1. Using the charge dipole of the range 165-307 (Lys, Arg: +1 at Cβ; Asp, Glu: -1 at Cβ; taken about the Cα centre), state which of Ala245, Ser225, Gly282 has its Cα farthest towards the positive end.
2. Pairs of Cα atoms under 8 Å, at least six residues apart: use those to get the relative contact order of the range 306-414, whole percent.
3. Given 0.36 nm per residue, what is the gain on full extension from Ile428 to Ser98 after removing their alpha carbon distance, in nm?
4. Given N residues in the chain, what is its alpha carbon radius of gyration divided by 2.2 N^0.38 Å?
5. What does the net charge come to around Thr267 if you take all other residues with beta carbon closer than 12 Å to its beta carbon, with K and R at +1 and D and E at -1?
6. I want the local charge near Glu330. Using Cβ-Cβ distances under 15 Å, sum +1 for each Lys or Arg and -1 for each Asp or Glu among the other residues.
7. Gap in Å between the Cα centre of the range 180-226 and the Cα centre of the range 241-283?
8. Exposed loop sites here are chymotrypsin sites (Phe, Trp or Tyr not before Pro) in DSSP loop states with at most 16 other C-beta atoms within 10 Å. What is the longest stretch of the chain lacking them?
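Quick note: the coordinates plus some simple rules give every number you see, no bench work behind them. The structure displayed is predicted, hence computed values, not measured ones. Please note: Cβ atoms are built from the backbone with ideal geometry, for glycine as well, and neighbour counts cover all protein chains shown.
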Amino acid sequence: MTSRKIFFAAVICALAYRVAFAQNSALRLEPGQLLFQAIQPPQVCQNESPIRISVLSPSQEWSVSCMAEAAVLGEHCIGLDRILLKKEGEEAFQPMLSTIHIGGGEPAEAYQDISLLHFQSRVLETDPVGTYNGLIRFKLINENDPFQSEAEAVLPLTIEIHPHITLDLAHQNNAAIHITGTPGMYDAENPLSLSVSGNTDSWQITATYQSSQGQDAFNGKIFVSSSGLPEYQNQRNEGAGAGYACLYPYRTCEILNGISSPPPWQTDLNFRVNTSAQIAPGSYPALIKIEAPGYDLSEYIQLDINVNEYLAIELSDNQVNIKSSGPPGEYIGDRDVVLRVASNTEKWEAIAEGENLKSSNDEIPAERVYIHSSNQIQQGYMPLNTRRTVASGTRMNMMDVSTLKFKVQTTWHDVAGEYNGKVYFTVIALSGN
């Protein structure tokens, strides 16, 4: 009976002692919140200010340890292998997979700073967007009874993962378009591949025409098609063909989004240019801005548009018959011929030059073969034994520039028969003023 009373008294004393220890001991964490901001996953996030941990333990030797709980968002979590701790004075971070000893010391009547703690969280690109909540528990242990926790403190852990995407043009930021012939539609030599990666599908990629050399010569004349979008989403094709949308300086054109197709997100961009004779020969580097609105993310594509000098000439008919049915004199051709010219040069001239008309046993010299041009009416009929200007002008698409008439002067010396010859027409670019 006596021994039972003694044991009971000992238990009561021990419990009273521990309560007193707990009431006089405390842990203090400053700041009291751990926040990580993941702006561009994948990334390693680190707290801006270290956590200062202080201990008040006036009567007993003590030690402090901590253990983390995973940060959770619904069914997703950032595990303990991706929550890391480094104590002051240490070189490397260690994952918080188990209890970590922070430090220990002797009794003191005032708070003692025992360490500055640095934390990291490793966020993957595959972690869903949102706010993850976890915590880190700190325990103050009585060294005389290490199984007894005398004080606790909880450090709330928040990991905010922001929506993030990246653009990749595979180092292909240039496309060349060579305009070598008549005005019309010309395609870039090769498509450009654009890929998008990120942790969200709430995004849109747009293209905007920025500028080109030559006072915006190609404003409203550059088109893009995107294999990553259905054709019906490109409405403003302006005659460029199905699936093409016109690019303007102040109007965005959608070329890809995260909803239309599942990842991986990729599209081929094809560029097309519509030229006219009003665009002078030269090189026109045009900038196309590719951006993701709301993400402060953009890339630039340079289109190198090279316009070659272009000249073309056409005749409405390639044969004129002149019949001399009377005495020597001047005889007019049986039809007029319309001369058409197209050119992107600032100035041009159309030249005609004839050859002698020949029969089987005679010929009529070109100085007696004449041409008349409505474009050069003041010149009247001009002999074709030398080069004659029959029209001149400036930049234009193919159009009528002159109506040509032909005549031949015969003499008594011309032998009766059928004479044949040619008149050659050439259009040339003029330089200078």
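1. Going by the charge dipole, the pick is Gly282.
2. Averaging sequence separation for qualifying contacts and normalising by length gives 35 percent for the range 306-414.
3. Taking Ile428 through Ser98 to full extension adds about 110.2 nm, to one decimal.
4. Relative to the 2.2 N^0.38 Å estimate, the chain comes out at 2.01.
5. Result for the neighbourhood of Thr267: -3.
6. Taking every other residue near Glu330 into account, the sum is +1.
7. With the range 241-283 and the range 180-226 each reduced to a Cα centre, they are spaced 4 Å.
8. It runs 251-411.
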